[in-house]
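Q: Starting off with a structure, shown below.
What follows draws every value from the coordinates through simple rules; no lab data is involved. It should be emphasised that the depicted structure is a prediction, and the values quoted were computed from it without experimental measurement. Virtual Cβ from ideal backbone geometry, glycine too; neighbours counted across all protein chains shown.
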Amino acid sequence: MLPSLLNYLKSPRCTADEIFPDLSAANRGLPAITSAPCTHGEGCTLCADGCPTKAIELPTDEKPEVALDLGKCVGCGHCMRVCPTKTIVTSRSTRTAVKRREDLVLRAGRPTLNVDAAHSPFKQSVVVRYVSTGDNATDLEVAACTNPIFDASRFGIHFTASPRFADVLLVAGPAPLAMQEPLCQTLHAMGQPRVIIAVGAQAISGGMFCGGYANANGVSSVLQPDVWVPGNPPHPWMILHGLLLAMGHPLALHT
Amino acid sequence: MNTQPGVFTGALKMDEVPIMQLRARLKSEIGDGNRLGLLTAADGADGHQLLTLIIQTQSGGVSLLNSPLPHDAVSYASLTPDLPQAHWFEREIADLWGIRPVGHPRLKSLVMHDSYPTDLFPLAEHVTAATARKRSRRAPYRFTVVQGNGVFEVPVGPVHAGIIEPGHFRFSCLGEVIENLEIRLGFVHRGLEERLTRCDWRMMNYLVEAASSDTAAANATAHAFAMENLCSVPAAPDVRKMRYACIEIERAACHIGDLVGICTDLGFGAGGTAFSALRGDVLGVAELLTGTRFMTSVIVPFAHKYMPAKPLLIEATRRLRTCSSQLRSILPLLLNNGAAIERMEGMGDIKTSLARDFGLVGPAGRASGIAYDVRKVIAQPEYEQVEWQPPTYFEGDVFARTRVRAEEAIVAMELAADMVSRITSSHEPDSSPATLPANSVGVGIVEAWRGELIHLVMTDSHGRVSRYKIKDPSFNNWTALSIAVRGRLLSDFPLCNKSFGLSYSGTDL
């Protein structure tokens, strides 16, 4: 015990000083769309063919550019790997949260990040009630936000056990039928003003579960999220970005 | 016919056992020390059939029995009175198929909540007018009522206090003492098995990874082995090493993550921070080898995607060994800590006989004297290169479970380092068949971090996936949690719960 304790006391501070660093070079990241012209016109459908959640919309006559819905993307990396024209590339940015669902649909020429400094009722501090609806990897990444590396409390972000104390409802998982009522009850137990954040592809669109008898089609079937955090599961920095964006925090707005 | 799913020789065949003889057959087989791997239902040529997977814990073989129900029948004599570990399986079959186990001691719904239509049996596709008539509607859920002077109920959940999954715990208490705990799951039932039979078989790996997304690598591996078993196509040696390395890294990361939770539930914050920083390091190795912290989308049937180059493998090996020695150095903070031991010792104990009756698996089983470990029972040559033994204790308390998990985490990182260091090529082989064989069955069994994880896949006469069953290790262990806390203080429940570390979504599917 004593040697371990001394060793522990000697260990250096592990909190990350750089806020929203890019993901490590080894990380597969999430797809981004460049303005490089796509060869769909010559018959290339490689990206859409291998997309497990049909997140990619190939160009048509009306919409001449490829569109990719990050809200459906499970991050398998297929499209980034096969795209011959580098129209779809890798982005390792951790500033991925957005305030409008449609901003998750990436298109060439459209900025990948929408950070309009819209009014937020919370500035310095929020208390968060987390509800998981069936995506336990995201549970672990949300819990990781509170560890000494990411240290959410330094940003004024605190997790609470009671919705009565909460400002933010953070929801992960595809919200299947049996969780829809508990989810609504949690929301209605919260005071106003309040902010709803959907975290992870399963929460945003149901991911691979979409379309079944359990209605696991994402949280927007019962709630209207104010902030959307893509990823499957999102990295803790991406979750913190969503929380800071909900607070209108300068760190999240600064690009 | 026996076959070894670890070495994948030849196709798996089913033995037909008449439903009237199933109970006697299972009673004798399980009595001989074999395990009930899973019990489920499927559609046969002429109505429903029960499927039973038995694992021979001595020889490492498995046998699959099918027992067709008589034409149009929607009931059979329950197996649970002779075979307690069948009790949740039978409840699940009743929920999803409307097949009633007559004589089940505590039949109530498991995953289908009252929010679903009472006549919806989502997997029962073989519906004739006669079966539809015979199938009784699902009864509303009723909790067991404990009566007596001063007994009161404490309902907890589905939304829990911490950052964890949803489920409902109904405590019946006398003062602070828990008299009975009833665990009501099914809140995250997402219709996974139905989704799996609806999607393109080449995309199924993405769906199984979400079965219990904290166990993505083990689920993807069990799926890959089941599909390869189905097609009788063995995986390349380097692919197998990489899969097992991913499972071991997942095991280490998750066990260390639950040590954080145990420290938190003990009120030992310093321990929690030490373990959570280490968990981050292990996830960093996962990221290095696979491109994500949860090792998703790399383990696929017949291949391995994003095979890392040699320098990355060397770096991963080095970092795994560092993490392993780091864990050894910080473990005494928890395991040699008098204040922590006082809370853990003798708390929430499960006796060996009970663990055997309920078929406990994984660390919870090994803490209660059940040495069963898929890595030792089913031939897996990759695990035989290093001398190791799964840690086994007999106390069955929180302390035993904590020690099993801590020691397993160390072994896991050493095994992973060994496997990664012996991968020779960064070539990505791909032996995918164009179609799946018709009327076939495949099984994949791995030791996930929570224990024995089984995937079973069946195809119809057109080579389409007609049935896919996942048996998560938590499915076997939930009952043990409700028994472990009987007679304990309500305030000690979180610690007991964390020492089991069970999956809600893996059980609910």
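Q: Between rounded, prolate and oblate, where does region B:14-134 land on the alpha carbon gyration tensor, with a ≥ b ≥ c its root eigenvalues, rounded for a/c under 1.5, else prolate if a/b exceeds b/c?
A: Prolate shape, in that a/c is at least 1.5 and a/b is the bigger ratio.
Q: List residues of region B:326-355, by number, whose backbone nitrogen lies under 20 Å from a label position 7 Å along Cα→C-beta of residue B:491.
A: In region B:326-355, the label zone of residue B:491 (backbone N under 20 Å from the point 7 Å along Cα→Cβ) covers B:338-349.
Q: Next up: So what is the relative contact order of chain B, in percent, for Cα pairs below 8 Å that sit 6 or more residues apart?
A: Values: 1039 pairs, mean separation 93.1, N = 509.
Relative contact order, chain B: 18 percent.
Q: Arrange A:83, A:44, A:145 by Cβ neighbour counts within 10 Å, fewest through most, would you? Show your work: numbers first, answer last.
A: Numbers: A:83 21, A:44 17, A:145 25.
Final ranking by Cβ density, sparse to dense: A:44, A:83, A:145.
Q: Kirkwood Rh over alpha-carbon pairs of chain A, then Stokes-Einstein at 4 °C and 1.567 mPa s: what D in µm² s⁻¹, rounded to an integer?
A: Rounded, D is 68 µm²/s.
Q: Relative contact order of chain A: what whole-number percent is it, with Cα pairs under 8 angstrom and at least 6 residues apart?
A: Computed over chain A, the figure is 22 percent.
Q: Next question, about the same structure. Filter the cross-link list A:99/B:498; A:54/B:108; B:134/B:471; B:241/B:351 down to pairs whose alpha-carbon distance in this structure exceeds 30 Å.
A: Beyond 30 Å between Cα atoms: A:99/B:498; A:54/B:108; B:241/B:351.
Q: Could I ask something else about it? With point charges of +1 on the Cβ of Lys and Arg and -1 on the Cβ of Asp and Glu, referenced to the Cα centre of region B:192-508, which listed residue (B:255, B:298, B:270) lies farthest in the positive direction of the dipole?
A: Of B:255, B:298, B:270, it is B:298.
Q: By count of other Cβ within 10 Å, fewest leading, how are A:100, A:28, B:243 ordered?
A: If I rank by nearby Cβ atoms, fewest first, I get A:100, A:28, B:243.
Q: Next question, about the same structure. By count of other Cβ within 10 Å, fewest leading, how are A:78, B:189, B:462, B:104 ordered?
A: Least to most surrounded, the residues fall as B:462, B:104, A:78, B:189.
Q: State to the nearest 20 debye the size of the charge dipole of chain B about its Cα centre, where the only charges are +1 on K and R beta carbons and -1 on D and E beta carbons.
A: 400 debye
Q: Determine ³J(HN,Hα), in whole Hz, for all residues of region B:367-373 in sequence, where each value follows from phi through the Karplus function 6.51 cos²θ - 1.76 cosθ + 1.60 and θ = phi - 60°; x replaces Gly and Pro.
A: Whole-Hz 3J(HN,Hα) from phi for region B:367-373: 6, 10, x, 9, 6, 3, 9.
Q: For n ≥ 4 DSSP H runs only, could you compute -39500 (n - 2.57) per run for chain B, divide by its residues and tell me the 222 nm figure to the nearest 500?
A: Theoretical 222 nm ellipticity from helices: -12500 deg cm²/dmol.
Q: Please say if chain B is rounded, prolate or oblate, where rounded means a/c under 1.5 for a ≥ b ≥ c the square roots of the C-alpha gyration tensor eigenvalues, and otherwise the choice is prolate for a/b larger than b/c and oblate otherwise? It would help to have the intermediate numbers written out before the result.
A: Working: a/c = 1.77, a/b = 1.08, b/c = 1.64.
Oblate, since a/c reaches 1.5 and b/c is not below a/b.
Q: Rounded, prolate or oblate: which fits the protein assembly as shown when a ≥ b ≥ c are the square roots of the eigenvalues of the alpha-carbon gyration tensor, with rounded for a/c under 1.5 and prolate only if a/b beats b/c? Display every interim value, and only then the final one.
A: Details: a/c = 1.29, a/b = 1.15, b/c = 1.12.
Rounded.
Q: Once both labels are modelled 7 Å past Cα along the beta-carbon direction, what's the residue B:379-residue B:136 spacing in nm?
A: The modelled label-to-label distance comes out at 4.8 nm.
Q: Find which of B:314, B:355, B:337 sits farthest along the positive direction of the dipole of region B:266-388, computed with +1 on the beta-carbon of Lys and Arg, -1 on that of Asp and Glu, about the Cα centre.
A: So the residue furthest toward the plus end is B:314.
Q: Output ³J(HN,Hα) for region A:41-46: one whole-Hz value per residue in order, computed from phi by the Karplus curve 6.51 cos²θ - 1.76 cosθ + 1.60 with θ = phi - 60°, and x for Gly and Pro.
A: Working through the residues one at a time gives x, 8, x, 7, 10, 4 Hz.
Q: Using Cα springs under 10 Å in a Gaussian network model of chain A, which residue among A:35, A:125, A:24 shows the largest mean-square fluctuation?
A: Sorting by GNM fluctuation, first place goes to A:24.
Q: Picking from A:143, A:198, A:175, which is most flexible by a Gaussian network model of chain A using Cα springs under 10 Å?
A: A:143
Q: Please give the charge dipole size of region A:13-137, origin at the Cα centre, charges +1 on K and R Cβ atoms and -1 on D and E Cβ atoms. Round to the nearest 20 debye.
A: Working: 16 positive and 14 negative charges, 92 e Å.
Dipole magnitude for region A:13-137 comes out near 440 debye.
Q: Got a sec? Charge dipole of chain A, +1 on Cβ for Lys and Arg, -1 for Asp and Glu; which of A:1, A:186, A:108 is way out at the positive end?
A: Most positive-ward Cα: A:1.
Q: If we count every other residue with Cβ under 15 angstrom of residue A:181's Cβ, Lys/Arg +1 and Asp/Glu -1, where does the sum land?
A: 0
Q: Just to check I understand the Karplus step: with θ = phi - 60° and J = 6.51 cos²θ - 1.76 cosθ + 1.60, what whole-Hz values come out for region B:452-463, glycine and proline as x?
A: 4, 10, 10, 10, 10, 10, 10, 10, 8, 6, 9, x
Q: A follow-up question, please. Treating only the Cβ of Lys, Arg, Asp and Glu as charged (+1, +1, -1, -1), what charge dipole size does chain A show about its Cα centre? Round to the nearest 20 debye.
A: 500 debye
Q: How big is the antiparallel share of DSSP beta bridges in the protein assembly as shown, given as a percent to the nearest 5?
A: Values: 58 of 80 bridges.
Antiparallel bridges: around 70 percent, rounded to the nearest 5.
Q: Here is a further query. Give me the percent relative contact order of region B:14-134, please, defined on Cα pairs under 8 angstrom at least 6 residues apart. Working shown, then result.
A: On the way: 195 pairs, mean separation 27.2, N = 121.
Across region B:14-134, relative contact order equals 22 percent.
Q: Okay, next question. Can you pull out the GluC sites (Glu not before Pro) in region B:109-185 that DSSP calls coil and that have at most 11 other Cβ atoms within 10 Å?
A: Hits after loop and neighbour filter: B:176.
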